[in-house]
Structure formats: structure tokens, C-alpha cells
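Remarks on the structure that follows.
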Amino acid sequence: MIKIIKSILNEIYKNQNKPDLIKECTIAAVRIDNGVVLAKNRDRGYKAKIEVVHEIVDGVEILYWRDVDTDWSEGMNEYGIGIVNSSLMVSQDEKEGKEVEKERKSVDKIKDKTLKKIFSSDGGKIRSALKYNTLPKVIKSLISYEGEDKKEIGIKGETIVSNNKNIYVVEMTSKHSPIIKKLKEDSKIIVRTNHGIYQKDAGYTKGEKRKSSVYRYNLAKKHLEDAKTDMDVINKLKQKYKKDPFLNPYRTKNMYHMQTTGQIMMNLDKKLVVVRMDNEMGKFVGINNKLPRGYTPKIKIRIESEKTYLKGKKLPT
């Protein structure tokens, strides 16, 4: 692993001058009795439209949720390798919501459904990494993939990459070399939000947003210690622990207009993905099944909503 990483580090930073598109969120990996669970609360400044895509790419089955407005994607592959990410380039996040809403109004106004959207390359970077069958190959792809324009090298921010045994975190920005750490086998949890852990000047460094990032980090880490099942993980990330909605891992309406649009949970042992959309800020637009006819999928998917969760029931998929 170390040799692979060192061999490409010198090639990564020559063109890293473009800012990231932010993914302000809370992400976690938790060890339970039968393996590893990844989870994420995805926060946006707009009502996110999400689809689930199930396909085979270069001979590998992958399943991921995708923001249809920005192309952001995260998910897992048939080898039980999953990826979640949270940004450290936080100054971009407030801008993204306005850009999405502006684009939607433009499309509605001219009624041109053929208008081609300009996507971030980050979704493609994660989907490309999911084509590989080992953690070293996945991590190498994440920190070295150039994207279509050959300039946005690597996936920035806090990235958790795991299979059902080993958990890695990659901390990387346009200004910082990637730091890759493996969670100790006797450690249960790793959580990341939007401030740097290894690189202290990365992400939010002051103000209310720094406060929120630290609170979300500490609250998630504390309460996930008690998680015993995969659904415990996603449910504990859904709880409201503070009166101020901006401080909770699952954020509701607040003065900064940054709310949780949905959650994703990946049980890497069962190869199960659960997507749960927020009633107010998320909209599930469907499952895009691109699998060949007659193919038996290795990855299972379940779709829920916030309302469904509160009633203790499950939506049919």
C-alpha cells in the first residue's frame, strides 16, 4: 500500500489549483458484530433529487446513489467495498445550492429538456474507483484519478473507504498531500464532518460552521459507540441531540439553509444499501437498473423515507 501511494504522490499536485465542490455532511464507518457499516447524512442547500443506479462497469457490479443535478455519487461494489465522502472545501457549498436552483429555473423557463448540465467530476471519480476489487487499488484511484479535464486530480475532502474487514480514511485537499490512515482493528468507529483532523487548517476553522462541524463529529462518534446493528447506525445519525438544528448530525431547517437531504447506509457484509430520503429536502426519483437481463445482482437495495422511518415501516422497492 505504502509503495503504491508514494509512487504517485509526486504526480498529484502539479495541477491542483481548482477549488472543490463541497459535500458538507457527516460520514461514519462502524464495526458491528458481523462486519462493517458505512453511513452518511448528506447536507445540501437545495432539495436534492436522488436516483439509485445499479449497473456493471468494466465487469464489476456497482450500486450508488446519484444527485441528478450535480452527478455526485457514492456507493459500493460487488466485492463489498464502499466509499463515502465529506468535503473540506466548505466555502463552495453555499454557492452550489444557488447554482442548482438557477439552473432548474433556466430549464423550466426555456423548456429545453435537452440542455446539457455541467457536472462536477467528483461523482465520476468515485464511480471509477468502485471498479476495482481491492482497497489499495480503490485508494490509488481515489487520490490519482484526473477526471475528464485532466486537472481536478483526486477526490478531495474526507473519504472513508472500507471493505468488511479494513477501514481507511483519506484526508486530502487541493493544498494538502493525501494522508491515509487505517483504523486500528480494535477500534469501532471513525467519523468525519467538515474540519480537518490531520490537517488542522483544512475545512472549517472558525465561527458557527466550525462549531457545527465539531458538534456533529463529537455527537456522532459518541452515540455510534452503542450501535449494534446496521440500522442502529443510520437511526442514531438521524436522532436530534441538540436544540439548535444546525449542530445535529441530521440537520433540519436552520439559518444557514444547509439541511440533511437524505441518508445512505451500506452493510458491507450483507452487501445491502439503504437509502432514506428526507421528506422536506430530498426527493427520490427512482432506481435506474442497468443490469443485463437475467443477471442476478450481488448487491441489494432498499429505499426508505423519513416518514417511513418515523412510523417504523419500510417502503417497497
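What are the ³J(HN,Hα) values, in whole Hz, obtained from phi via the Karplus relation 6.51 cos²θ - 1.76 cosθ + 1.60 with θ = phi - 60°, for each residue of the range 281-295 in sequence order, with x given for Gly and Pro?
Those phi angles translate into 9, x, 9, 8, 9, x, 9, 9, 8, 9, 5, x, 4, x, 6 Hz.
Just for the Cα atoms in the range 210-313, what are the lengths along the principal axes, largest first, rounded to whole Å?
Computed over the range 210-313, the largest-to-smallest principal extents equal 50, 29, 28 Å.
Check THR261: other-chain or 5+ apart residues with amide H under 5 Å from its amide H, H built from backbone geometry?
ARG42, ASP43, ARG44
LYS49 accessible area, nearest 10 Å², 1.4 Å probe?
Roll a 1.4 Å probe over it and LYS49 shows about 70 Å².
Which percent of the Cα-Cα distances in the range 230-278 go past 19 Å?
So the portion of pairs separated by more than 19 Å is 32 percent.
What is the set of long-range amide H partners of VAL36 at a cut-off below 5 Å, with H atoms built 1.01 Å from backbone N?
Under 5 Å from the amide H of VAL36 lie the amide H atoms of LEU268, ASP269, each far enough along the sequence or on another chain.
As a test of understanding, state the convex hull volume per residue of the range 164-266 from its alpha carbons, in Å³.
121 Å³
Determine how large the accessible area of ARG127 is when every protein chain is in place; take a 1.4 Å probe and give Å² rounded to the nearest 10.
My reading of the accessible area for ARG127 is about 50 Å².
Restricting the calculation to Cα positions, tell me the Rg (one decimal) and the Dmax (whole number) of the range 175-223 in Å.
12.1, 35
The values are calculated or read from the model by the stated rules, or taken from the named source; none is laboratory data. Nothing here was measured: the structure is a model prediction, and the numbers come from that model. SASA here: full protein model, heavy atoms, side chains in, ligands and nucleic acids out. Shrake-Rupley method; radii C 1.70, N 1.55, O 1.52, S 1.80 Å.
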